[in-house]
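Written out below as structure tokens is the structure these notes cover.
The values are calculated or read from the model by the stated rules, or taken from the named source; none is laboratory data. All values reported here derive from a predicted model rather than from experimental measurement. Using ideal geometry, Cβ is built from the backbone for each residue, glycine included, and neighbour counts are taken over all protein chains shown. In case anyone asks, the SASA skips ligands and DNA or RNA and just uses the protein heavy atoms, side chains included. Shrake-Rupley method; radii C 1.70, N 1.55, O 1.52, S 1.80 Å.
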Amino acid sequence: MIAFLNRDIVEVEAVTVELPKFKKTEDELETVTDKWIYSLKNMEKLPERPEKLNEKIFDELYENAKINRLKTEDMKAYGKSVLEYDDVISSLRFVEERAVERTMEKTRKEDQIKFVRNCHKYNMDTERIAALTDLTEKEVFNIIAKL
């Protein structure tokens, strides 16, 4: 089987497994594939994550399993906390984006003022300065007047 990921060709191995026929114990697990199959077969029976499966690749699997074992009331509380967390993150991102926009706008205005001052220093007329800066002639005049 061939898959396309980010425009690169990657070979993917497709494996069909009959979980009931997988008989390896935790001590017999050698490959990552063995560990995945063992995890999927025994997920409901395992009270906690086996030490042999303490690899980063299994973090999300066991975190989700832990969440799915919650009682109904705890699951509702967890769902609510996830929504609240997402709201906080969304709010922080919005505030950050607005701060960046404001900073960029302030920087753009400061740059325009510097440009107008430099042009005026070299006796460029306000009409030409306005055309170069997308400012009105009145705005250019006001900047020059503050010099």
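Filter region 114-147 down to residues that are part of a helix (DSSP H, G or I) and among the β-branched types (Val, Ile, Thr) and give me whichever is most open to solvent (accessible area, probe 1.4 Å).
The selected residue is Thr126.
Part of a helix (DSSP H, G or I) and surrounded by 12 or more Cβ atoms within 10 Å (Cβ to Cβ) - does that describe any residue in region 84-97?
No: region 84-97 contains no residue that is part of a helix (DSSP H, G or I) and surrounded by 12 or more Cβ atoms within 10 Å (Cβ to Cβ).
Considering each residue of region 60-83, count those that are in a helix (DSSP H, G or I) and exposed (fewer than 11 other Cβ atoms within 10 Å of the Cβ), and give that number.
Adding up the residues that qualify gives 7.
Restricting to region 34-59, count the residues that are in contact with a helix residue (DSSP H, G or I) (Cβ under 9 Å, 6 or more places away or on another chain), outside any helix (DSSP H, G or I), free of Cβ contacts under 8 Å to residues at least 24 places away in the same chain and within 22 Å of Pro20 (Cβ to Cβ).
3
Kindly list, by first and then second residue, each pair from a residue in region 16-27 that is farther than 15 Å from Leu46 by Cα and open to solvent by less than 70 Å² (accessible area, probe 1.4 Å) to a residue that is basic (Lys, Arg) and in a helix (DSSP H, G or I), limited to pairs with Cβ atoms under 7 Å and residues at least 6 apart or on different chains.
Short answer, once both residue conditions are applied: Leu19/Lys41; Phe22/Lys41.
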